[in-house]
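Take a look at the structure set out below.
The values are calculated or read from the model by the stated rules, or taken from the named source; none is laboratory data. Note that this is a predicted model, so its numbers are computed, not measured. Cβ coordinates were reconstructed from backbone atoms using ideal geometry, including for glycine residues, and neighbour counts include every protein chain displayed.
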Amino acid sequence: MTVQIIDIHPHIISNDAQRYPSNPLRGKQSDWSRERPQTFEQLVAEMDAGGVAKAAIVQASTYYGFDNSYVADSVASDPQRFTGVCTINVFAPDAIAVLEGWMRRGFSGLRIFTGGATHASDESLLDDPRSYPVWEYAAEKRLPICVQTAPVGLPKVRDLLERFPRTSLILDHIGRPKLDDGPPYNDARSLFELAEFRNLYLKLTPRSFALAKTGKSTPDAFFGALVRAFGADHIAFGSNLPANEGPMSALVAEAKAGLSSLTPADQAMILSGTAKRLYPALA
C-alpha cells in the first residue's frame, strides 16, 4: 500500500540575505542554519526525492526571528502543496493583528519557540497571561499552536490544555520524553498523562525516533504505547529537515521503519492523515 506523506516540520533559509536578512530570536543563529541551510527550492527537491507530497513549513526562528517573509513568499508560489507555521511576538499588544496579517499570506499555524537550538528553554513563555488573547483567537480560527518544550514544561502544557480546551496544541518532538527505562515508560508518565486532553497533538520527528531506540526502549514498544494512549489521529510526522540532517529520503525511511509495527491505517494517519486534520489547507 502506498502511503501519502505530509511533513509538518521542515525549515527553509534563503540564500538571498539582502532580501531576507537574518534576525534570530535572542540574537544567536542556530548552528544548523549556518552549516546546512536549505532553500525552498532545495526543500522541494528533497520532498520530491523522498516521496513527500505536501508540507507545513515551520518558521526558522533561530535565523529569521519574527519575520516570516521567506516562508510566506515560498508558500505563495505553490499554495496547493504548502502552508506555513509562523512565529510572532505573542506578548505584543498587536499580536492578533500581526497574526491575521501572516494568515492572509498563507499561514495556517503558529509556533511558540521557547528555546532549544540556541538557548536554554524558557518555559515561562508558555503561561504568560499576555499571550492568552492569541490562544483564544487560535481557538476561534482553528489555528493549531506548536509548542517546543521538554518534560519540565509539561505542567505548563497541561495548564494551557485545560485553559484553552478548543485550541489545538501540537507538542514538538513529543516533548522530548525520557524513554530509556522502557515499557511501561514510567519516566515518561508526565507525557502519557496528557492523553486525556483531546486538543493535544504529538509531533514525531527524527529526535523522537532516536529516543524510541534508547536504553530498554524499542520503536515497536514505544509507538505502540503512544498510539494506544493518544490515538494515531493525534500524532503526526515532521522531518525537522535540515535541523536534523537529511536527506529527506533517509528521514522518511526512518519514520516508516519506526512505525512499521503499527497497523497500515495507523501508519497512514500518522504520516499524513493527522496533518490534514491540523492543516486543512493541505487536505
- When you go through (1) surrounded by fewer than 17 Cβ atoms within 10 Å (Cβ to Cβ); (2) at pLDDT 95 or above one by one for F107, which number turns out not to apply? (1)
- Item | Count of segment 253-266 residues which are among the hydrophobic types (A, V, I, L, M, F, W, C) and either outside any helix (DSSP H, G or I) or under 14 Å from A45 (Cβ atoms) (or both) | 2
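Among the residues of segment 66-76, how many are outside any helix (DSSP H, G or I) and among the acidic types (D, E)?
1
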- Message: Going by what's in this entry, would Y63 be described as surrounded by 24 or more Cβ atoms within 10 Å (Cβ to Cβ), touching a residue at least 24 places away in the same chain (Cβ under 8 Å), aromatic (F, W, Y) and in a helix (DSSP H, G or I)?
- Response: yes
- Query: So, of the residues in segment 138-167 that are crowded, with 21+ Cβ neighbours inside 10 Å and among the small types (G, A, S), which turns out to be farthest from S108 (Cα to Cα)?
  - Reply: G153
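Does S249 fit the bill of being of a type in the set (S, T, Y), surrounded by fewer than 23 Cβ atoms within 10 Å (Cβ to Cβ) and either in a loop (DSSP other than H, G, I, E, B) or free of Cβ contacts under 8 Å to residues at least 60 places away in the same chain (or both)?
On the way: of a type in the set (S, T, Y): yes; surrounded by fewer than 23 Cβ atoms within 10 Å (Cβ to Cβ): yes; either in a loop (DSSP other than H, G, I, E, B) or free of Cβ contacts under 8 Å to residues at least 60 places away in the same chain (or both): no.
When the stated conditions are applied, S249 does not pass them.
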- Note on the structure: Going through segment 1-44 in order, the residues found to be assigned to a helix (DSSP H, G or I), closer than 29 Å to E254 by Cβ and not β-branched (V, I, T) are L25, D31, W32, S33, R34, E35, F40, E41, Q42, L43
- Task: Quick one: T263 ticks every box in (1) polar (S, T, N, Q); (2) touching a residue at least 24 places away in the same chain (Cβ under 8 Å); (3) under 23 Å from T2 (Cα atoms) except a single one, so which number is it?
- Result: (2)
- Message: Taking the criterion of being β-branched (V, I, T), in contact with a Leu (Cβ under 8 Å, 6 or more places away or on another chain), in contact (Cβ under 8 Å) with a residue 24 or more places away in the chain and surrounded by 23 or more Cβ atoms within 10 Å (Cβ to Cβ), would at least one residue in segment 221-244 satisfy it?
- Response: yes
- Within segment 145-174, count every residue that is in contact with a Lys or Arg (Cβ under 6 Å, 6 or more places away or on another chain) and either acidic (D, E) or under 17 Å from D7 (Cα atoms) (or both). 4
- Item | Residues of segment 45-59 classified as in a loop (DSSP other than H, G, I, E, B) and basic (K, R), total | 0
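Tell me, which helices (runs of 4 or more DSSP H) lie completely within segment 97-208 with 2 or more residues that are among the charged types (D, E, K, R)?
Details: elements: 132-141, 154-163, 189-192.
In segment 97-208, 132-141, 154-163 are the helices (runs of 4 or more DSSP H) which contain 2 or more residues that are among the charged types (D, E, K, R).
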- Message: Name the single residue that is nearest to L143 (Cα to Cα) among those in segment 66-87 being buried (at least 23 other Cβ atoms within 10 Å of the Cβ) and of a type in the set (A, V, I, L, M).
- Response: V85
- When you look at L211, is it under 19 Å from Q148 (Cβ atoms) and more than 15 Å from the chain's Cα centre (by Cα), yes or no? yes
- Determine whether segment 246-265 contains at least one residue that is at pLDDT below 95 and under 19 Å from V52 (Cβ atoms). yes
